[in-house]
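K.L.:
Starting off with a structure, shown below.
The values are calculated or read from the model by the stated rules, or taken from the named source; none is laboratory data. Worth saying up front: this structure is predicted, and the values here are computed from it rather than measured. A quick note on method: Cβ atoms are made from the backbone with ideal geometry, for glycine too, and the neighbour counts reach across all protein chains shown. Only protein heavy atoms, including side chains, enter the accessible area calculation; ligands, DNA and RNA are left aside. Shrake-Rupley method; radii C 1.70, N 1.55, O 1.52, S 1.80 Å.
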There are 2 protein chains.
Amino acid sequence: MDNNSISRIRIKDIARLAGVSAGTVDRVLHKRGEVSDSTRKKILEIIEKMDYQPDILASALAARKPFRIAALIPHGTGESPFWKYPLAGIEEALNEIAHFGVSVDRYFFDYEDPDSFVRSSRKMLTHSPQGVILAPVCTGESASLLEECNDYGIPVVLINANICTGSCIAFIGQDSVQSGMVAARLMHYGLKDDADVLIINFTREKGNQEHILKREEGFRKYYRNFSTESDSRLIQLNISESASQQPDKILEDSLLSDPDRFGGIFVTNSRVFRVAAFLEKKGLEKPILIGYDLLQESKEFMIKGTIDFLISQKPREQGYKSVMTLYHHLVLRKQVGRTQYVPIDIITKENLEHYTFT
Amino acid sequence: MDNNSISRIRIKDIARLAGVSAGTVDRVLHKRGEVSDSTRKKILEIIEKMDYQPDILASALAARKPFRIAALIPHGTGESPFWKYPLAGIEEALNEIAHFGVSVDRYFFDYEDPDSFVRSSRKMLTHSPQGVILAPVCTGESASLLEECNDYGIPVVLINANICTGSCIAFIGQDSVQSGMVAARLMHYGLKDDADVLIINFTREKGNQEHILKREEGFRKYYRNFSTESDSRLIQLNISESASQQPDKILEDSLLSDPDRFGGIFVTNSRVFRVAAFLEKKGLEKPILIGYDLLQESKEFMIKGTIDFLISQKPREQGYKSVMTLYHHLVLRKQVGRTQYVPIDIITKENLEHYTFT
DNA sequence: AAAAACTCCGTGTACGTACACGAAAATACA
DNA sequence: TGTATTTTCGTGTACGTACACGGAGTTTTT
């Protein structure tokens with residue numbers, strides 16, 4: 001029943017069956033040339049027939065070649081601390097597979113600054129990693145990088161956001177449209193049909209906005225399923241995060257003119273804590289507030305009850321999975337899932353504690 | 001920065017530093033006796049000082065001793081298919097660590113039949129496994145088994161349910177009280193303060209009922225936090241699953257006498273699909289329905305909207321973690337977390353798809 | 001005082017793979 | 001035909017640990 005390591009076929013066995021030495025088999029396995037076509041063919045046949053699986057323990061031990069993975073992600077400080085969580089997941093994965101010689105070099109860049117992305121990616125490429133974890137926040141630049149990695153034969157795993165070129169081995173992230181529908185479901189379930197809902201997008205000049213758009217799309221899609229005119233009850237508000245504008249000012253204009261109008265507010269990203277802070281400061285009657293990501297800042301507002309629900313993108317799991325995917329590809333040489341959606345977790349005050357490390 | 005396998009200290013190095021041969025160090029490491037106290041002490045000091053970490057790859061390769069883990073769990077067929085999911089998680093973990101010679105033997109028993117538990121556990125013990133995964137459904141019998149394993153020095157991991165003896169290395173499961181609070185939160189959020197709620201416990205003559213009690217406790221606790229008299233709005237209904245009674249009959253008595261009384265129903269385990277089936281059959285005005293576990297049976301009712309929310313116990317993750325915990329303990333010889341709570345996942349129609357394999 | 005038993009420890013080989021080195025065979029070139 | 005070159009392949013060692021075997025030295029037994 002168990003086909004694990006007990007008495008599996010070895011290189012030696014193949015060599016014996018083919019009437020050659022182990023070295024020759026090794027050359028065939030590693031395409032290290034200088035083997036006559038006839039023997040190569042014979043060996044490959046035997047490998048096929050006996051379903052030879054290399055012993056990765058012995059392999060890793062003998063090779064002792066380090067697998068260097070590069071992670072190119074925004075730094076998790078300042079405005080969007082989101083990215084420190086994938087990093088934690090990366091560490092976690094590393095702990096489990098460090099014996100195989102896997103290491104991860106981290107290259108950070110600034111969310112808002114495509115130049116810093118390019119600089120970091122240049123630096124990364126000079127270290128010629130065997131695999132890359134890429135957060136394609138800067139869409140255009142990321143696409144070029146992807147091409148380049150493709151030319152060098154470096155496998156790339158996309159994390160968190162997807163860009164639709166085929167030249168990556170996997171995408172790990174969330175189904176954004178669907179997550180918007182989950183948010184809408186929660187909103188509608190608590191609010192029923194009798195109030196307007198404000199959708200707030202904190203936008204950025206630069207950087208990938210796909211997430212935000214798809215989340216809003218999913219949110220609206222859910223509402224449309226109930227009534228055609230319900231769409232008109234969803235009011236959109238875009239707030240630019242660039243310094244030139246005052247977020248609080250805009251919120252004030254929208255919310256204070258008719259304080260009771262909105263029964264619910266849906267914030268399409270992690271900046272939901274900003275809205276929560278505003279609501280608290282102004283002492284407004286509390287609308288239902290739903291947003292994204294269990295950041296430390298938002299956590300406090302959840303405990304106090306200002307934020308009702310958060311959708312988690314499972315950032316830690318994303319980091320974990322991205323390393324593991326490259327490990328499976330590089331070390332175990334196994335097929336990996338092309339699109340790996342992480343679950344759409346609903347966080348609320350009551351289950352928050354058990355998500356602290358997710 | 002990276003302390004992974006590159007140029008780590010080896011047995012040879014320790015031997016050289018201690019002025020002995022590698023064999024002696026090996027004897028000290030494995031307590032295989034016949035080493036003078038003085039040299040043993042010296043070697044241990046060096047090991048300590050240099051923070052020697054054995055190379056588990058080389059270790060596993062050289063030893064080639066299989067690690068046999070036994071999983072003693074109810075079979076996942078018939079009434080409660082729950083247990084097939086942990087099994088899937090066990091397989092998944094196995095896939096990742098089979099190269100280390102880890103194998104899992106599965107021993108099944110009948111939830112309701114303590115005798116079958118004892119039979120299975122006897123059989124298991126005759127195969128003297130190096131580690132045990134135990135679902136302590138039969139409380140008393142499990143406690144004795146735990147003692148016995150303790151005597152034999154076999155580490156045990158408890159899965160899903162906890163029994164409060166100290167002689168296991170880890171418990172993996174859910175915080176049941178807290179999960180009840182999550183359910184209550186969802187109920188209260190959708191129902192506000194204006195309706196009675198029915199709490200249905202599907203009970204069994206035998207087997208561990210802790211879960212159910214704690215879930216109800218958490219549910220009530222949440223409601224008490226809002227008003228002291230709210231507790232009186234929570235009506236409890238116990239339905240025995242034994243054949244002698246007719247579940248549907250009891251439901252009929254409770255629900256049909258005053259069809260509009262209950263705005264919500266909370267079922268404290270996976271049998272929520274039974275209630276959903278009943279509601280559909282009778283064509284009752286749909287109350288909010290919340291239960292546990294994403295079983296195939298319940299899934300269909302979620303999609304149709306009869307069941308509003310399910311709390312997932314993440315059974316697959318429980319299985320996965322239990323194997324991994326024993327792997328860390330047995331193979332890596334690392335410290336493992338004593339109590340490993342799995343997250344309290346909220347499943348709804350909209351995020352259901354991404355939980356299919358959790 | 002020789003034999004036996006026991007304590008302490010070094011040596012050697014195995015685990016399965018990777019890879020360097022160089023020998024033998026095949027081919028090319030003169 | 002002899003030499004140079006290339007193709008093809010076998011041998012040996014290394015990776016770090018586990019463990020069996022047995023040698024040298026010491027103590028006990030007869």
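K.L.:
Two decimals, Cα atoms only, Kirkwood Rh: what is Rg/Rh over region A:1-153? Write out the running numbers ahead of the final one.
P.N.:
Numbers: Rg = 21.2 Å, Rh = 18.8 Å.
Over the Cα atoms of region A:1-153, Rg/Rh equals 1.13.
K.L.:
Accessible area per residue, 1.4 Å probe, Å², for the protein assembly as shown: what's the number?
P.N.:
On the way: 31660 Å² over 716 residues.
Per residue, the protein assembly as shown has an accessible area of 44 Å².
K.L.:
Right, here's the next one. Sum -39500 (n - 2.57) across every DSSP H segment of at least 4 residues in the protein assembly as shown, then divide by the residue count to get the 222 nm mean residue ellipticity, nearest 500. Provide the component values of the computation, followed by the final result.
P.N.:
Values: 26 runs with 312 residues, N = 716.
Only helices count here, giving -13500 deg cm²/dmol.
K.L.:
Once the other residues with Cβ under 12 Å from the Cβ of A:Val137 are scored (Lys, Arg +1; Asp, Glu -1), what is the net sum? Don't skip to the answer; put the middle values down first.
P.N.:
Values: positive: A:Arg204, A:Lys206; negative: A:Asp110, A:Glu112, A:Asp113, A:Glu141, A:Glu210.
Taking every Cβ under 12 Å from that of A:Val137, the sum is -3.
K.L.:
Where the eigenvalues come from the Cα gyration tensor of region A:11-54, what are the semi-axes √(5λ) of the equivalent ellipsoid, largest first, in whole Å? Write down the numbers at each step before the final one.
P.N.:
Working: eigenvalues 39, 22, 20 Å².
So the equivalent ellipsoid measures 14, 10, 10 Å along its semi-axes.
K.L.:
Next question. Quick check on region B:176-312: what are the equivalent-ellipsoid semi-axes from the Cα gyration tensor, as sqrt(5λ), descending, whole Å?
P.N.:
Working: eigenvalues 82, 62, 48 Å².
Each semi-axis is the square root of five times an eigenvalue, giving 20, 18, 15 Å.
K.L.:
What's the total accessible area buried between chains B and A, using a 1.4 Å probe, rounded to the nearest 100 Å²?
P.N.:
Adding both sides of the contact gives about 4200 Å².
K.L.:
If I stretch the segment between A:Arg261 and A:Asp105 completely, what's the gain in nm (0.36 nm per residue apart, minus their alpha carbon distance), one decimal? Mind showing how you got there, number by number?
P.N.:
On the way: separation 156, 0.36 × 156 = 56.16 nm, distance 4.99 nm.
So the chain would gain 51.2 nm between A:Arg261 and A:Asp105.
K.L.:
Decide, for region B:69-169, between rounded, prolate and oblate: order the square roots of the alpha carbon gyration tensor eigenvalues as a ≥ b ≥ c, take rounded if a/c falls under 1.5, and otherwise choose prolate if a/b is larger than b/c, else oblate.
P.N.:
oblate
K.L.:
Here's something else I'd like to know. How high is the FRET efficiency from B:Lys304 to B:Ala62, r the C-beta distance, R0 41 Å, rounded to 0.05?
P.N.:
On the way: r = 57 Å, r/R0 = 1.40.
Computed FRET efficiency for B:Lys304 and B:Ala62 comes out at 0.10.
K.L.:
What gaps in nm, shortest first, separate B:Asp113 from its twins in the other copies when you place the label 7 Å past Cα toward the beta carbon?
P.N.:
In ascending order, 7.0 nm.
K.L.:
Residue by residue through region A:275-288, what is 3J(HN,Hα) from phi via Karplus (6.51 cos²θ - 1.76 cosθ + 1.60, θ = phi - 60°)? Round to whole Hz and write x for glycine and proline.
P.N.:
Using θ = phi - 60°, the values come out as 5, 4, 4, 4, 4, 5, 4, 7, x, 6, 4, 6, x, 5 Hz.
K.L.:
Here's a follow-up. Whole-Hz ³J(HN,Hα) for each residue in region B:260-266, computed from phi via Karplus 6.51 cos²θ - 1.76 cosθ + 1.60 with θ = phi - 60°, x for glycine and proline: what do you get?
P.N.:
9, 5, 9, x, x, 10, 10
K.L.:
Just which residues of region B:142-186 lose 20 Å² or more accessible area with every protein chain there, against their chain alone, with the probe set to 1.4 Å?
P.N.:
Those are B:Gln178, B:Val182, B:Arg185, B:Leu186, which lose 20 Å² or more relative to the chain on its own.
K.L.:
Right, here's the next one. Are there trypsin sites (Lys or Arg not before Pro) in region A:302-338 that DSSP puts in a loop and that have at most 15 other Cβ atoms within 10 Å, and which ones? Don't skip to the end; give the middle numbers.
P.N.:
Working: sites: A:Lys304, A:Arg316, A:Lys321, A:Arg333, A:Lys334, A:Arg338; in loops: A:Arg333, A:Lys334, A:Arg338.
Of the trypsin sites (Lys or Arg not before Pro), the ones in loops of region A:302-338 whose Cβ has at most 15 other Cβ atoms within 10 Å are A:Arg333, A:Lys334, A:Arg338.
K.L.:
How large a share of the accessible area of the protein assembly as shown, in percent, is made up of carbon and sulfur atoms when the probe is 1.4 Å and the other protein chains stay in place?
P.N.:
Its accessible area is 50 percent carbon and sulfur atoms.
K.L.:
Is there a pair in A:Lys84/A:Lys334; A:Lys214/B:Lys304; B:Lys65/B:Lys334; A:Lys249/A:Lys282 whose C-alpha atoms are over 21 Å apart, and which pairs would that be?
P.N.:
Distance filter (> 21 Å) returns A:Lys84/A:Lys334; A:Lys214/B:Lys304.
K.L.:
For region B:11-54, how many pairs of lysine residues have a Cα-Cα distance under 15 Å, where the two are 8 or more positions apart or belong to different chains?
P.N.:
Details: B:Lys12/B:Lys42; B:Lys31/B:Lys41; B:Lys31/B:Lys42; B:Lys41/B:Lys49.
For region B:11-54, qualifying lysine pairs total 4.
K.L.:
How much of the DSSP bridge set in chain A is antiparallel, in percent, rounded to the nearest 5? Can you show the working numbers first?
P.N.:
Working: 3 of 43 bridges.
Beta bridges within chain A, antiparallel portion: roughly 5 percent.
K.L.:
Give, ordered by residue number, each residue of region B:316-358 whose 1.4 Å probe accessible area is reduced by a minimum of 40 Å² on adding the remaining protein chains to the chain alone.
P.N.:
Correct list: B:Pro343, B:Ile344, B:Ile346, B:Glu350, B:Asn351, B:His354, B:Tyr355.
K.L.:
At 7 angstrom along the Cα-to-beta-carbon line, where would the label on B:Gly19 sit relative to the other copies? Give the distances in nm, shortest first.
P.N.:
In nanometres, ordered from closest: 5.8.
K.L.:
Give the calculated FRET efficiency between B:Thr139 and B:Ala88 to the nearest 0.05, with a Förster radius of 25 Å applied to their Cβ-Cβ distance. Spell out each step's value before the answer.
P.N.:
Values: r = 26 Å, r/R0 = 1.03.
Once rounded, the FRET efficiency stands at 0.45.
K.L.:
For the pairs A:Lys286/A:Lys349; A:Lys349/B:Lys221; A:Lys123/A:Lys321, note any where the Cα-Cα span goes beyond 22 Å. Mind dumping the intermediate values first?
P.N.:
On the way: A:Lys286/A:Lys349 16 Å; A:Lys349/B:Lys221 14 Å; A:Lys123/A:Lys321 24 Å.
Over 22 Å Cα-Cα: A:Lys123/A:Lys321.
K.L.:
As an exercise, take the mean of 1/r over every pair of distinct alpha carbons in chain B, invert it, and state the Kirkwood radius in angstroms. Walk me through the numbers on the way to the answer.
P.N.:
Details: mean 1/r = 0.0433 Å⁻¹.
Result for chain B, one decimal place: 23.1 Å.
K.L.:
Next up: Could you tell me how many cubic angstrom of Cα convex hull volume the protein assembly as shown has per residue?
P.N.:
Working: hull volume 146.1 nm³, N = 716.
Considering the Cα atoms of the protein assembly as shown, their hull volume per residue is 204 Å³.
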